[in-house]
1. Could you go through the range 1-8 and let me know if any residue there is out of contact with any strand residue (DSSP E or B) (no Cβ under 8 Å at 6 or more places or on another chain) and either part of a strand (DSSP E or B) or at pLDDT below 95 (or both).
2. Which of the residues spanning the range 97-126 are touching a strand residue (DSSP E or B) at 6+ places or on another chain (Cβ under 8 Å), touching a residue at least 24 places away in the same chain (Cβ under 8 Å) and surrounded by 15 or more Cβ atoms within 10 Å (Cβ to Cβ)?
3. Would you confirm whether or not the range 37-55 contains a residue that is on the phi > 0 side of the Ramachandran plot and touching a helix residue (DSSP H, G or I) at 6+ places or on another chain (Cβ under 6 Å)?
4. Restricting to the range 88-117, name every residue that is closer than 15 Å to residue 57 by Cβ, modelled with pLDDT of 90 or more, touching a helix residue (DSSP H, G or I) at 6+ places or on another chain (Cβ under 7 Å) and part of a loop (DSSP other than H, G, I, E, B).
5. Would you confirm, using the coordinates I've provided, whether residue 54 is under 12 Å from the mean Cα position of the chain (by Cα), crowded, with 24+ Cβ neighbours inside 10 Å and farther than 19 Å from residue 133 by Cα?
6. Looking at the range 196-209 only, could you name the residues that are out of contact with any helix residue (DSSP H, G or I) (no Cβ under 8 Å at 6 or more places or on another chain) and either surrounded by fewer than 17 Cβ atoms within 10 Å (Cβ to Cβ) or not in a strand (DSSP E or B) (or both)?
7. Looking at 177, 126, can you tell me which residue is closer than 20 Å to residue 28 by Cβ, outside any loop (DSSP other than H, G, I, E, B) and more than 14 Å from the chain's Cα centre (by Cα)?
8. Could you grab me the full set of residues in the range 156-168 that are in a loop (DSSP other than H, G, I, E, B) and in contact (Cβ under 8 Å) with a residue 40 or more places away in the chain?
């Protein structure tokens, strides 16, 4: 399997930024770089991996705040992917002001408009975009069936779910998203989420107290 995934828990909220690489073609994407990290850039340079894009599950500050620093050294800039429903949130720097933060740099304006069912490619690998609103209106997930991996952002965690009390959140939408876009995947699918340890669809279906059954 050519997919390599490297996890970087970053910042005050310990947001998981993911560096996903096709080891055969050496193409890479970074998912949700919420805080600046020289470790990501260093790993790219050390291994000769080519950053082709940045994929954002959603536009909260702790998932976009490191984009500016990450892209600063590139010419041309890597493309940034985001769902249009989260663009208003991106335009206010991910709601950083609500948490007293003023120095968030969301980087270049998103140039890839994500839609449900869209296919993204990373080298020879294919990823399906799955719209999963509830945490934010335009929250998406990235599913690679070949690798059995779902980058699920803040939709579902080990034993928990994303918060819905921030602007644009909806508990009913989030539960619907989990039931239709997460629990419809094979039990062995790895859930690489925005905070905390990875889990699986089967584990959360069985034990998650919010949605498990």
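1. Scanning the range 1-8 turns up at least one residue that is out of contact with any strand residue (DSSP E or B) (no Cβ under 8 Å at 6 or more places or on another chain) and either part of a strand (DSSP E or B) or at pLDDT below 95 (or both).
2. 107, 108, 110, 112, 114, 120, 122, 123, 125
3. No, every residue in the range 37-55 fails to be on the phi > 0 side of the Ramachandran plot and touching a helix residue (DSSP H, G or I) at 6+ places or on another chain (Cβ under 6 Å).
4. 110
5. Yes, satisfied.
6. The answer is 196, 197, 198, 202, 203, 205, 206, 207, 208, 209.
7. Only one candidate passes the filter, namely 126.
8. Of everything in the range 156-168, those that are in a loop (DSSP other than H, G, I, E, B) and in contact (Cβ under 8 Å) with a residue 40 or more places away in the chain turn out to be 158, 159, 166, 167, 168.
The values are calculated or read from the model by the stated rules, or taken from the named source; none is laboratory data. Treat the numbers as computed from the prediction; the structure is a model and nothing was measured. Because the Cβ atoms are built from the backbone with ideal geometry, glycine has one as well, and the counts that use them run over all protein chains shown.
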